[in-house]
Every structure is written in C-alpha cells, then in structure tokens.
Amino acid sequence: MKQRNAYQTKQTAEILQYLESIPNKHVTVSEICTALKDKDISIGTTTVYRHLEKLAADGLVTRYVVNGSSSAYFEYTHPSVNSYYHFQCEKCHRLMHIPASSVNSDGSGFSIDPMKTVLYGICDDCAKKEGKK
Ligand SMILES: [Zn+2]
Ligand SMILES: [Zn+2]
C-alpha cells in the first residue's frame, strides 16, 4: 500500500513545526534543510521548496523575496502579521519585524500593505557597532 500522502503530510508538518518554533525569524530553503537535518529528517531542497509553496498557498507560511537577494525567505504566518512591517538592515542584511505603530503616519489616508512593504535602514546592533568604532 502506498503511503505517499501520509508521508508528505508528515514532512509538511515537520517543516511547519520548525517554522512555528522560530516565529519571528526568516529562513531560506537551505536553512530549513539544515535545521531538519539536525533533527535527522532528510528532505531534499526541491521537496522542501514544494512543501513550502503549498504551505504558502494555504496561508500558513509567508514567502518573501527581498530586493538584492536571490533566495526567498520563509516565515511562519503569525496572527499579528498585519501589525508588523519588515525591516532589512543594509549592513548585516538581517530581515526583522518592527511594529507598524512605530512607523510614523502623517494621516495622509494611504494604507500601506505591511505584507508587501520592506523598509530599509540600519538596525540597532549595527548602529551600536558603528558608534563603538
Ligand atoms: Zn544590522
Ligand atoms: Zn517576517
């Protein structure tokens, strides 16, 4: 008897579980593969990517492509996702979340889609490092 579906569901669950354990991080497919390998789960990059595409289609996972980066980032779709903006540091290239409320609104009436917006700048850590020089 073929157990293909059950097997695939298990892999999907493992991937989702991993992403759920790091709710505010953004990982690439190869990083996910490495993390799964650490748990003795061996899934090929292509397969992981296929599972992720499905999870993204189901809205469980969010997929991001950041300018200047060739690989897509994936993250667990957190419930408060719409109250965060993505911020990428131009020095260390970390992608992180900043609360939407910290972004000034001038009351222009425009509503920005946080899921499609990436802000660029220098993160706190890098700013500190620069200051220490
Ligand atoms: Zn930085
Ligand atoms: Zn994110």
Out of 106, 113, 125, which single residue is surrounded by fewer than 14 Cβ atoms within 10 Å (Cβ to Cβ) and touching a residue at least 12 places away in the same chain (Cβ under 8 Å)?
125
Taking region 47-76 and keeping residues in a loop (DSSP other than H, G, I, E, B) and either more than 20 Å from residue 89 (Cβ to Cβ) or away from ligand 2 (no atom under 16 Å from the Cβ) (or both) leaves 58, 59, 60, 68, 70
If a residue has to be under 13 Å from residue 115 (Cβ atoms) and either modelled with pLDDT under 90 or open to solvent by 90 Å² or more (accessible area, probe 1.4 Å) (or both) to count, how many in region 74-95 make the cut?
9
Does residue 64 meet the test of being of a type outside the set (Val, Ile, Thr), modelled with pLDDT under 85 and touching a strand residue (DSSP E or B) at 6+ places or on another chain (Cβ under 7 Å)?
yes
For residue 93, the lone unmet condition from (1) away from ligand 1 (no atom under 16 Å from the Cβ); (2) outside any helix (DSSP H, G or I); (3) touching a Ser or Thr at 6+ places or on another chain (Cβ under 8 Å); (4) not assigned by TED's automatic domain parsing to the domain that holds residue 15 is (1)
All positions within region 23-46 that are in contact (Cβ under 8 Å) with a residue 12 or more places away in the chain, surrounded by 14 or more Cβ atoms within 10 Å (Cβ to Cβ) and either assigned to a helix (DSSP H, G or I) or of a type in the set (A, V, I, L, M) (or both):
27, 29, 32, 33, 35, 36, 41, 43
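The values are calculated or read from the model by the stated rules, or taken from the named source; none is laboratory data. Fair warning: this is a prediction, and the values are worked out from it, not measured in the lab. No Cβ is skipped: glycine too gets one built from the backbone with ideal geometry, and neighbour counts run over all protein chains shown. Remember, those area values only see protein heavy atoms, side chains included, never the ligands or the DNA or RNA. Shrake-Rupley method; radii C 1.70, N 1.55, O 1.52, S 1.80 Å.
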